[in-house]
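Colleague: Quick one: structure below, then a few questions.
The values are calculated or read from the model by the stated rules, or taken from the named source; none is laboratory data. None of these values were measured; they are calculated from a predicted model. Using ideal geometry, Cβ is built from the backbone for each residue, glycine included, and neighbour counts are taken over all protein chains shown. Quick note on the areas: whole protein, heavy atoms, side chains included, nothing else; ligands and nucleic acids left out. Shrake-Rupley method; radii C 1.70, N 1.55, O 1.52, S 1.80 Å.
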Amino acid sequence: MPGYVRFLLLLLCLILIGECRRHKSRKKRSWTSPAEIHKQGNPLTKKLSDGTKSRKVKTSHLLRIDDHDFTMRPAFAGPAVPVGVDVQVESLDSISEVDMDFTMTLYLRHYWKDERLAFPSSTNKSMTFDGRLVKKIWVPDVFFVHSKRSFIHDTTTDNIMLRVFPDGHVLYSLRVTVTAACNMDFSRFPLDSQTCTLELESYAYTDEDLMLYWKSGDESLSTDDRISLSQFLIQKFHTTSRLAFYSSTGWYNRLYINFTLRRHIFFFLLQTYFPATLMVMLSWVSFWIDRRAVPARVSLGITTVLTMSTIITGVNASMPRVSYIKAVDIYLWVSFVFVFLSVLEYAAVNYLTTVRDGKDRKLREKVREQNLPCTCGMSHTRTMMLDGTYSEADTNSLAGYTRASMMAEDASEKQERMVVHLSLDNESTGTKKKGIRGFRIIHNTHAIDTYSRMIFPGAYILFNLIYWCAYC
């Protein structure tokens with residue numbers, strides 16, 4: 001085959017190969033997948049782009065943070081900025097009578113408008129940020145008046161939320177635990193009710209710069225129905241507001257969260273009132289014990305006195321050192337007085353018994369010295385009572401005075417008899433008996449115990465009636 005023919009065939013092959021490749025590339029461009037068509041979009045139905053969804057736009061550029069000075073409040077040198085507040089109480093953690101304070105965890109929310117933060121948006125109603133943006137913009141400087149300790153929760157991050165709306169309205173929420181002072185009145189403790197207050201106020205801005213108010217009135221405060229305390233019953237939550245004046249800085253708007261607590265009495269009935277009442281009743285047992293059983297009555301009286309002292313000390317240890325008398329102090333100290341009087345009652349009984357025994361010994365000695373006739377014709381000693389004021393032991397001691405001349409008396413006389421003739425002076429016997437009857441209660445120590453058995457319980461029951469009617 002000639003050479004020019006080969007050349008023509010090779011050229012023809014190259015032309016065919018080029019046409020095939022051009023045809024394949026054209027077919028590939030004309031055949032596009034539905035996913036790619038959806039991605040490319042139709043220019044007739046394409047939506048307007050939302051600036052809040054653009055990943056390339058920074059927050060500082062969108063909110064124009066760098067274009068404004070956020071160290072100044074909104075509408076600086078203009079009218080006061082209205083800042084609405086609402087609070088949701090999460091828990092009431094503790095009430096301390098010793099420190100006179102309470103601890104509360106709550107969600108504190110602020111509402112205001114800052115036109116400097118307005119941004120264009122067609123679909124998104126708001127943008128939500130965490131606590132990192134708070135440091136770059138202006139926020140109200142609300143603080144807790146009379147707070148002792150407070151902190152913002154930071155697990156797992158700072159519990160702060162900032163929500164900015166397109167028109168410039170801002171919601172600023174944070175979760176706080178605060179311990180604040182509560183002025184308590186313990187004059188009726190433990191039958192008392194306490195009203196504590198949490199106060200909110202702007203630290204720097206007076207009422208001419210910032211107007212702090214409850215956003216929805218009484219509905220601005222919401223609580224969890226499951227909130228409960230071991231010693232108190234939560235009766236009522238309510239809100240108030242008024243102006244507070246400082247002589248050096250001026251007038252400020254102040255918001256109040258008030259709540260009333262009523263103390264549960266059952267715990268104190270079991271731990272304080274019942275033991276004190278039982279100790280008083282136990283002290284009355286000594287009135288039924290023989291007056292000569294000195295160890296028994298003394299130990300019983302001392303035990304009840306020390307127990308009452310321990311109860312009083314334990315109650316005061318859990319209370320602040322107030323300078324006025326509490327209701328529980330009245331009950332405990334009156335009970336202590338009753339216990340102490342029962343000890344004094346036995347001291348009086350023992351003293352009178354000792355005095356009477358001394359007089360009896362002197363009487364017997366005087367009988368012995370005057371050699372008074374004493375005729376005893378008894379085969380064995382019998383007891384006798386002299387005017388009802390002497391015991392059997394005293395009578396036996398007098399019956400021991402015998403003379404040898406009585407042994408010569410007629411043995412045939414078997415009747416048991418005993419004659420005791422006491423002639424101390426010329427005073428008539430009738431006058432002596434009248435004097436003894438006049439002082440029967442004083443000399444008869446049994447009578448003192450008898451009257452105490454009625455007077456002490458009656459007086460204590462009367463005290464309890466007056467006490468519970470006055471404080472309940």
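Colleague: If you take all C-alpha pairs in region 123-227, what percent of them are over 17 Å apart?
Modeller: Of the Cα pairs, 70 percent sit more than 17 Å apart.
Colleague: Viscosity 1.002 mPa s, temperature 20 °C: Stokes-Einstein D of region 244-333 from its Kirkwood Cα radius, in µm² per second?
Modeller: Estimated via Stokes-Einstein, D reaches 125 µm²/s.
Colleague: Can you run phi through the Karplus equation (6.51, -1.76, 1.60; θ = phi - 60°) for region 230-240 and list ³J(HN,Hα) in whole Hz, with x for Gly and Pro?
Modeller: Rounded to whole hertz, the list is 6, 9, 10, 10, 7, 8, 7, 10, 7, 10, 9.
Colleague: Using the heavy atoms of the protein chains and a 1.4 angstrom probe, tell me the accessible area per residue for region 183-318 in square angstrom.
Modeller: Heavy-atom accessible area per residue stands at 54 Å².
Colleague: Can you give the relative contact order of region 132-255 as a percent, counting alpha carbon pairs under 8 Å and 6+ residues apart? The partial results should precede the final answer.
Modeller: Numbers: 143 pairs, mean separation 29.1, N = 124.
Dividing the mean separation by the residue count of region 132-255 yields 24 percent.
Colleague: Going down the list Lys135/Lys215; Lys113/Lys236; Lys125/Lys148, which pairs span over 30 Å between their C-alpha atoms?
Modeller: Table pairs above 30 Å Cα-Cα are Lys113/Lys236; Lys125/Lys148.
Colleague: Can you put Phe340, Phe143 in order of accessible area, largest first, using a 1.4 Å probe?
Modeller: Phe340, Phe143
Colleague: Still on this structure, please answer the following. Over region 62-136, with the other protein chains present, what is the accessible area per residue in square angstrom, probe 1.4 angstrom?
Modeller: Accessible area per residue, region 62-136: 50 Å².
Colleague: When the C-alpha atoms of region 283-370 are aligned to their principal axes, what extent does each axis show, in angstrom, from largest down?
Modeller: That works out to 71, 23, 16 Å along the principal axes.
Colleague: Continuing with the same structure: What number comes out for the charge environment of Pro320, summing +1 per Lys or Arg and -1 per Asp or Glu over other residues with Cβ under 12 Å away?
Modeller: Values: positive: Arg321, Lys326; negative: Glu97, Asp99, Asp101, Asp185.
So the surrounding residues net to -2.
Colleague: Another one. Counting only protein heavy atoms, what percent of the accessible surface of region 201-270 is carbon or sulfur at a 1.4 Å probe?
Modeller: Roughly 50 percent, rounded to a whole number.
Colleague: Quick one: which residues, 5+ away or cross-chain, put their amide H under 5 Å from the amide H of Ile137? H built at 1.01 Å from N.
Modeller: Counting only residues 5 or more places away or on other chains, the set is empty.
Colleague: Right, here's the next one. Order 358-368, 185-195 from most to least packed using the mean count of other Cβ atoms within 10 Å. Could the numbers behind the result be given before it?
Modeller: Details: 358-368: 12.8, 185-195: 16.9.
Per-residue Cβ counts within 10 Å, averaged per peptide and sorted highest first, yield 185-195, 358-368.
Colleague: Pro79: net charge of surrounding residues, Cβ under 10 Å, Lys/Arg +1, Asp/Glu -1, itself excluded? Spell out each step's value before the answer.
Modeller: On the way: positive: none; negative: Glu208, Asp209.
It works out to a net charge of -2.
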